[in-house]
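Have a look at the structure below before the remarks.
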Amino acid sequence: MYIDAHQHYWKIDRDDYGWITPEIPVLFRDYLPSDLEPHLHRHGISRTIVVQAAPTVEETEYILGLSRQAESIAGVIGWLDLASPTFKEQLRQLRGHRKFTGLRVMIQEMEDPGQLLTRPYIEALSYLADEDLPVDLLVLADQLPQLIEMLERVPGLRGSLTIWLSRRLLRAN
């Protein structure tokens, strides 16, 4: 069985994808499981892991909803505000969904990457490490020093890493 480990779906009229604009016409439309499934079948890919495309709890709930409807979705990587006082409660709710498989931390969106090293973030990431819940870390190249320091403080954290070379690429693509 082959699984695509990183897939995004979105519905533009949900209006929480500020980075998807008409200036990026290839992306400025809905992308749903029905758009991908013929390609999956053609290439022998059985299922996908859907990763959130907007930093909102509503986005996570939306893709979890899609996962209940689409057999091709094997798992969902969602988003939570790690600094929220209700972080653990929200995480418990997400973990109640059968296909919830982890969280994405969108470091590239932080104005100050030092925020990653603050107490709420270190505590939340340590909790995720203790729970053995994988994280997807999305960073810019110039944020690597803070990321490395965070990983030294939270050595048991498990997950994947995506590095953008510059903010300009985020806007151009």
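When ALA83, ALA124 are screened for being hydrophobic (A, V, I, L, M, F, W, C), farther than 30 Å from SER46 by Cβ, open to solvent by less than 40 Å² (accessible area, probe 1.4 Å) and at pLDDT 95 or above, only ALA124 passes. Pairs linking a residue in segment 1-23 that is open to solvent by 70 Å² or more (accessible area, probe 1.4 Å) to a residue that is of a type in the set (Lys, Arg) and modelled with pLDDT of 95 or more, with Cβ atoms under 8 Å and 6 or more positions apart or on different chains, are MET1/ARG47; ILE3/ARG47. Among LEU147, LEU128, LEU116, LEU138, which is touching a residue at least 24 places away in the same chain (Cβ under 8 Å), within 20 Å of ASP16 (Cα to Cα) and in contact with a helix residue (DSSP H, G or I) (Cβ under 9 Å, 6 or more places away or on another chain)? Testing whether each residue is touching a residue at least 24 places away in the same chain (Cβ under 8 Å), within 20 Å of ASP16 (Cα to Cα) and in contact with a helix residue (DSSP H, G or I) (Cβ under 9 Å, 6 or more places away or on another chain) leaves just LEU138.
When THR101, THR162 are checked against the criterion of being at pLDDT below 95 and either open to solvent by less than 10 Å² (accessible area, probe 1.4 Å) or closer than 29 Å to ILE3 by Cα (or both), THR162 stands alone in meeting it.
Looking only at segment 41-61, filter to residues that are open to solvent by 30 Å² or more (accessible area, probe 1.4 Å) and hydrophobic (A, V, I, L, M, F, W, C); which one of those is farthest from the chain's Cα centre (by Cα)? The qualifying residue farthest from the chain's Cα centre (by Cα) is ILE45. Remark: pairs (first residue in segment 80-102, of a type in the set (Ser, Thr, Tyr); second residue assigned to a loop (DSSP other than H, G, I, E, B) and open to solvent by 20 Å² or more (accessible area, probe 1.4 Å); Cβ separation under 9 Å; 6+ apart in sequence or on different chains) = THR101/PRO134.
State all residues of segment 62-77 that are closer than 13 Å to ASP4 by Cβ and open to solvent by 20 Å² or more (accessible area, probe 1.4 Å); if no residue qualifies, say none. Passing the criteria: ALA74, ILE77. Tell me which residues, restricted to segment 79-111, are in contact with a strand residue (DSSP E or B) (Cβ under 6 Å, 6 or more places away or on another chain), closer than 25 Å to LEU144 by Cβ and not hydrophobic (A, V, I, L, M, F, W, C). Of everything in segment 79-111, those that are in contact with a strand residue (DSSP E or B) (Cβ under 6 Å, 6 or more places away or on another chain), closer than 25 Å to LEU144 by Cβ and not hydrophobic (A, V, I, L, M, F, W, C) turn out to be GLY102, ARG104, GLN108.
Of the residues making up segment 135-143, one or more are of a type in the set (Asp, Glu), under 28 Å from ARG14 (Cα atoms) and either open to solvent by less than 70 Å² (accessible area, probe 1.4 Å) or modelled with pLDDT of 95 or more (or both).
Would you confirm whether or not segment 108-117 contains a residue that is closer than 27 Å to LEU140 by Cα, modelled with pLDDT under 95, surrounded by 17 or more Cβ atoms within 10 Å (Cβ to Cβ) and in contact with a Leu (Cβ under 7 Å, 6 or more places away or on another chain)? Scanning segment 108-117, I find at least one residue that is closer than 27 Å to LEU140 by Cα, modelled with pLDDT under 95, surrounded by 17 or more Cβ atoms within 10 Å (Cβ to Cβ) and in contact with a Leu (Cβ under 7 Å, 6 or more places away or on another chain), so the answer is yes.
The values are calculated or read from the model by the stated rules, or taken from the named source; none is laboratory data. Just so it is clear, the structure is predicted and the values come from calculations on it, not from any experiment. As a convention, Cβ positions derive from the backbone with ideal geometry for all residues, glycine included, and neighbour counts pool all protein chains shown. For the accessible areas, the whole protein counts, side chains as well, though only heavy atoms, and no ligand, DNA or RNA atoms are used. Shrake-Rupley method; radii C 1.70, N 1.55, O 1.52, S 1.80 Å.
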